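First comes the structure, then the notes that go with it.
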Amino acid sequence: MQIKFFLILLASVLFLPISIQFMKWIVKKADLYRLNFKGNRIPVGFGFIVAIIAVPLYILVSYLFGFPKISILFLLVILAFGILGLIDDIYGSRNTGGFRGHLSKLLKGKVTTGAVKAIGGGIISLILGYLLAGNIYAGILNGLLIALSANTLNLFDLRPGRSLFIFWLGLLMLLLISPTKLMAALLIPVIIPVVWLTYFDRNASIMIGDAGSNTIGAVLGMSYSFVLDEVWKIVLIILLALIHVYSEKNSITKLIEHNKILNRIDQLLGKR
């Protein structure tokens, strides 16, 4: 068993430089640079390396551990949200924000990449949630949890390191709830690139973009869908929904800045 984990870890480390180089090529071809909150022009969408590295790694996980269904579902959720997020990073406009903003544009006949991401991500979440659960009711709960988790990390991705901190916090809680070898095997392919992203995102050298925040959020949503029972799924869905409702009318950044404890923690997460 230890050898299998070592092989996954080794493969993750070996494929990481390849994924980074491929992402640099995408950035150059798509001129994928954006102004950050300080007005500095830096590459965005680097979180897509999670999707790039996921393809060979989850095939390896499936082969070594013999649970192809859950491995494929993790791979599909990463690819789906990675691609939708990257499309938004490349073609999206920051002039329209929030679910209400994109819905308003859609009702006026203008399709935004944010609306495509929201609708596409919602449909994909429900499909994968159903495939994970095997029944409609549990599938809906899973789908809501995946979609809301994906967008929650996107909501926090307004300053360096913030979204990634939420991911690590969620991952720690997940491993405390379900410290199994199965979850470890499923998460190693994500953890290795996220370690790299955390270092460079918090230093404001890159931005993980929607391709990163949505993807790692969806991974948490899929993971919690896999390990939580029905009651706790509902509790978590309500909590995430309340965050979304709050963010539609209020600024999460201002909330953090106006709270001494939260602001102090936020200052430690990355360059401000």
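Odds and ends about this structure:
- Surface/4 of the Cα convex hull for the stretch 119-265, nm²: 9.1 nm²
- Computed [θ] at 222 nm, deg cm²/dmol, the chain (DSSP H ≥ 4; -39,500 (n - 2.57); rounded to nearest 500): -26500 deg cm²/dmol
- Label-point separation, V55 to D229 (7 Å along Cα→Cβ), nm: 4.1 nm
- For Y63 and Y33, a Förster radius of 45 Å and the Cβ-Cβ distance give a FRET efficiency of 0.75, rounded to the nearest 0.05.
- Scaled against the 2.2 N^0.38 Å expected of a compact globular protein of N residues, the Cα radius of gyration of the stretch 172-225 reads 1.22.
- Cα-derived Rg to Rh of the stretch 131-209, Kirkwood definition: 1.03
- HN-Hα J in Hz across the stretch 212-218 - Karplus 6.51, -1.76, 1.60, θ = phi - 60°, x for Gly and Pro: x, 5, 5, 5, 5, x, 5
- Using C-alpha pairs under 8 Å with a sequence gap of at least 6, the mean separation divided by the residue count of the stretch 150-211 gives a relative contact order of 41 percent.
- Shown for the chain is the translational diffusion coefficient from the Stokes-Einstein equation, using the Kirkwood radius over Cα pairs, a temperature of 25 °C and a viscosity of 0.890 mPa s: 131 µm²/s.
- Using 0.36 nm per residue and subtracting the Cα-Cα separation, the extra length available between K271 and N250 on full extension is 5.2 nm.
- Distance between the 7 Å Cα→Cβ label points at I140 and I18: 4.3 nm.
- Highest average packing first - 44-57, 199-212, Cβ atoms within 10 Å: 44-57, 199-212
- Cα-derived Rg to Rh of the stretch 21-65, Kirkwood definition: 1.20
- Net charge of the neighbourhood of G134, taken over other residues with C-beta under 14 Å away and scored Lys/Arg +1, Asp/Glu -1, is 0.
- Checking the cross-link pairs K38/K254; K69/K181; K29/K271 against a 19 Å limit on the alpha carbon distance flags K29/K271 as lying beyond it.
Only the coordinates and a few stated rules stand behind these numbers; no lab work does. Predicted, not measured: the structure shown is a model, and the values here were computed from it. All Cβ positions, even for glycine, are placed from backbone atoms using ideal geometry, and neighbour counts span all protein chains on display.
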